[in-house]
Amino acid sequence: MNGLSTLPSTAEQARHALLLLGAPAAPRLVAEVHGALFDGDLSVPALAALRRDRSSGLCAALDQDLFPVRGLVALSDWELSRRIVTPAARRADALAMVIRVSGFVAVRPGRAAHRLLRSLAEGVPHGVEALDPADAARAALESEELVAALVAEEPVRAAAVSRAASLPRSQQLFGLPPVPHQRGAS
């Protein structure tokens, strides 16, 4: 055995899955998407190791206060506005993921791909019983409630992006460090 591999590196595998998902996602979902739709051996522990490696191309999703969102990874070359996670935006991203994965599954069907799509459809109103989970996701994405929530969050997201502009690049990618607990503070 010569040690050469035709499989993409772990970082490339994570990148493929995140590009398909199009938004910050949990490492488990990234690994499941890659396992169901691409060739490779991406695992959650491998993703955890990548996230600690600041040169991997993965970074943290950030909340509106620019702190890392626990349990979500993103691509470092995504715009900051795409990596900021708020409740309505996260819901919209999850629905958009169903649509994107559904389109990919239509082109590259398979048992694992359909299981993944059905699993994602569980988070969509009427998605599991829908003939096409993508149609159900589109309807949910266009719902008045979600559209109103996204509009309401937009100033918060814009303010976060504006605050982040003055931060060093490393903090834009990995968030602000936690504030240490002050002894004796009331």
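Bear in mind that the values in this text are calculations on the coordinates, not laboratory data. Keep in mind the model is a prediction, meaning the values are calculated, not measured. Heads up, the Cβs are rebuilt from the backbone with ideal geometry, glycines too, and the neighbour counts pull from every protein chain shown.
Of note:
- Placing pseudo-labels 7 Å out from each Cα toward the beta carbon at Ser43 and Asp77 gives an inter-label distance of 2.8 nm.
- Sparse packing (at most 14 other Cβ atoms within 10 Å of the Cβ) combined with a DSSP loop state is found for the following trypsin sites (Lys or Arg not before Pro) in region 27-73: Arg54.
- Residue-averaged [θ]222 nm for the chain, counting only DSSP H segments that reach four residues, each worth -39500 (n - 2.57): -17000 deg cm²/dmol
- Stokes-Einstein diffusion coefficient of region 79-183, Kirkwood radius over Cα pairs, 10 °C, 1.306 mPa s, in µm²/s: 100
- The ranking of Ser9, Ser55 from fewest to most other beta carbons within 10 Å of each one's beta carbon is Ser55, Ser9.
- One entry in [x] 1.10; [y] 0.97; [z] 1.02 is Rg/Rh (Cα atoms, Kirkwood Rh) calculated from the shown coordinates; its label is [z].
- Summarising the amide proton neighbourhood of Ile84: residues at separation of 5 or more, or on other chains, whose placed amide H is nearer than 5 Å comprise Leu62.
- Extension reserve of the Arg163-Arg118 stretch, reckoned as 0.36 nm per residue once the Cα distance is removed: 12.3 nm
- Highest GNM mean-square fluctuation among Ala25, Ala96, Ala112, for the chain modelled with Cα contacts below 10 Å: Ala112.
- Hypothetical label at Ala130: residues of region 86-115 whose amide nitrogen lies under 11 Å (7 Å Cα-Cβ projection): 95-100, 102
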